[in-house]
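The values are calculated or read from the model by the stated rules, or taken from the named source; none is laboratory data. Everything quoted here is computed from the prediction, not taken from an experiment. Ideal geometry is used to build each Cβ from the backbone, glycine not excepted, and the neighbour counts take in all protein chains shown.
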């Protein structure tokens, strides 16, 4: 499993013991929720998928739409974005988070960020060599 798109946003860390704010902080820091999402649709979908982790339940887009009071089109739009980010997987029209817990999600992001940075470093080294900068 790997992220297709990696976005890290430095945000102010929320107070502890406020689960909702901590989940928002996590999602915003990973670039999952945009400022354009005024009604927090993507966040609401993410929360439904996090809750489904506890019971290892796979959900259809219709079930997610019903639980979030969003249109199926809106749900599909955000699920596609979350799948593009490597956060959500789809199996036969059922959706779930790509990990078993939230810590694993962060570790997955970390692993992919480090791999990307190593690739960037190697390319930079090659460019420096070609330009005779090193």
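For residue 42, which of the numbered conditions (1) touching a helix residue (DSSP H, G or I) at 6+ places or on another chain (Cβ under 8 Å); (2) surrounded by 14 or more Cβ atoms within 10 Å (Cβ to Cβ); (3) modelled with pLDDT of 95 or more fails to hold?
It fails just one condition, (3).
Pick out, from the stretch 1-91, the helices (runs of 4 or more DSSP H) lying fully within it that include 1 or more residues that are in contact with a strand residue (DSSP E or B) (Cβ under 9 Å, 6 or more places away or on another chain) and under 27 Å from residue 114 (Cβ atoms).
Counting at least 1 such residues, we get 41-55, 72-84.
Would a scan of the stretch 116-132 turn up a residue that is over 12 Å from the mean Cα position of the chain (by Cα) and not in a helix (DSSP H, G or I)?
yes
Return only the number of the condition from (1) exposed (fewer than 15 other Cβ atoms within 10 Å of the Cβ); (2) modelled with pLDDT under 85 that residue 32 does not satisfy.
(1)
Results for (1) touching a helix residue (DSSP H, G or I) at 6+ places or on another chain (Cβ under 8 Å); (2) at pLDDT 90 or above; (3) surrounded by 12 or more Cβ atoms within 10 Å (Cβ to Cβ), shown as yes or no for each residue.
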site: 81; (1), (2), (3): yes, no, yes
site: 90; (1), (2), (3): yes, yes, yes
site: 99; (1), (2), (3): yes, yes, yes
site: 103; (1), (2), (3): no, yes, no
site: 109; (1), (2), (3): no, no, yes
site: 112; (1), (2), (3): no, no, yes
site: 115; (1), (2), (3): no, no, yes
site: 121; (1), (2), (3): no, yes, no
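Take the residues of the stretch 1-18 that are over 20 Å from residue 88 (Cα atoms) and surrounded by 10 or more Cβ atoms within 10 Å (Cβ to Cβ): which is modelled with the lowest pLDDT?
11
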